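A.B. asks: Can you keep this structure in mind? I'll have questions shortly.
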Amino acid sequence: MVNKSKKWIGVFCASMDGARPEYLATAQELGRKIAERGYGAVYGGATVGAMGALADGALKAGGEVVGVIPDVIMDLEIGHKGLTELHVVRTMHERKALQAERADAFVALPGGYGTLDEFIEIATWAKLRIHAKPCVLVNLGGFYDPLLQFLDRCVSEGFLKQKDRDLILVARDVDEALKIVEHEWGALDEVPRITRG
């Protein structure tokens, strides 16, 4: 059984390795540092790609990790058997709902369709006041610069209010992402807040 009294960070990341070694290294670092700070990690449940690196990094550091994976992609993403908890659900909607329920904050690493889908949906829920949990994008090496420019364009074209655009907090690396999360939780008094990328 997991420790429900601790803080949990939901992480959205890829089931692929990415083209550069720093993507996997950053996922592993995030998992390790979540565990070292005494938090738990909630993620997509896979053992492959950045998802596997995240989980392994946390587990090797003695952390608790909860995975949520739909049964329809168990064979594709390969469910991680070494987790504190692995929840096999029926649909992607159930996966996202359970991750959202269990997490106290959300951090997205570089990724593709799935990562972007999950992060934008959780940011949309923040906009709609369904939750008030921090949503942090790790803009590693400027990976998300085009997305951030697009969101700024949405503001200038009248499709997004600036206050809602600012719900997406941006960090350059893992350390800054965790400091932002802790600041939003009230655990830190000051932290550089980069909402523009």
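A.B. asks: Quick check on my filter: what residues within the stretch 96-109 are touching a strand residue (DSSP E or B) at 6+ places or on another chain (Cβ under 8 Å) and surrounded by fewer than 22 Cβ atoms within 10 Å (Cβ to Cβ)?
C.D. replies: Answer for the stretch 96-109, where residues must be touching a strand residue (DSSP E or B) at 6+ places or on another chain (Cβ under 8 Å) and surrounded by fewer than 22 Cβ atoms within 10 Å (Cβ to Cβ): 98, 100, 102, 104.
A.B. asks: Okay, moving on. Within the stretch 38-81, work out how many residues are at pLDDT below 95 and basic (Lys, Arg).
C.D. replies: 1
A.B. asks: Now for a different question. Applying the selection to the stretch 17-58, what residues are within 15 Å of the chain's Cα centre (by Cα) and in a loop (DSSP other than H, G, I, E, B)?
C.D. replies: Pass one, the stretch 17-58, residues within 15 Å of the chain's Cα centre (by Cα): 23-24, 26-35, 39-46, 49-55, 57-58.
Residues satisfying the conditions are 39, 44, 45.
A.B. asks: Which residues, counting only those in the stretch 126-142, are closer than 27 Å to residue 93 by Cβ and surrounded by 17 or more Cβ atoms within 10 Å (Cβ to Cβ)? Break it down into steps so the answer makes sense when it comes.
C.D. replies: From the stretch 126-142, those closer than 27 Å to residue 93 by Cβ are 126-138; that's our starting set.
Those that are closer than 27 Å to residue 93 by Cβ and surrounded by 17 or more Cβ atoms within 10 Å (Cβ to Cβ): 126, 133, 134, 135, 136, 137, 138.
A.B. asks: Sort through 84, 91, 26 and tell me the only one that's within 17 Å of residue 109 (Cβ to Cβ), among the polar types (S, T, N, Q) and touching a residue at least 12 places away in the same chain (Cβ under 8 Å).
C.D. replies: 26 is the lone residue from the list that is within 17 Å of residue 109 (Cβ to Cβ), among the polar types (S, T, N, Q) and touching a residue at least 12 places away in the same chain (Cβ under 8 Å).
A.B. asks: Out of the residues in the stretch 101-158 meeting the condition of being part of a strand (DSSP E or B) and either of a type in the set (A, V, I, L, M) or in contact (Cβ under 8 Å) with a residue 40 or more places away in the chain (or both), tell me which one is nearest to residue 12 (Cα to Cα).
C.D. replies: Among those that are part of a strand (DSSP E or B) and either of a type in the set (A, V, I, L, M) or in contact (Cβ under 8 Å) with a residue 40 or more places away in the chain (or both), it is 108.
A.B. asks: Here is a further query. If you take the residues in the stretch 59-95 that are acidic (Asp, Glu) and outside any strand (DSSP E or B), which one is nearest to residue 39 (Cα to Cα)?
C.D. replies: Ranking the qualifying residues of the stretch 59-95, first place goes to 64.
A.B. asks: Within the stretch 138-147, identify whether any single residue is touching a helix residue (DSSP H, G or I) at 6+ places or on another chain (Cβ under 7 Å) and more than 22 Å from residue 24 (Cβ to Cβ), and answer yes or no.
C.D. replies: no
A.B. asks: Between 115, 84, which is surrounded by 17 or more Cβ atoms within 10 Å (Cβ to Cβ), of a type in the set (S, T, N, Q), at pLDDT 95 or above and over 14 Å from the mean Cα position of the chain (by Cα)? If you could, list the steps in order and put the result at the bottom.
C.D. replies: Values: 115 fails: over 14 Å from the mean Cα position of the chain (by Cα).
Just one listed residue meets the conditions, 84.
The values are calculated or read from the model by the stated rules, or taken from the named source; none is laboratory data. This structure is a prediction, so every number in the text was calculated from the model and none was measured. All Cβ positions, even for glycine, are placed from backbone atoms using ideal geometry, and neighbour counts span all protein chains on display.
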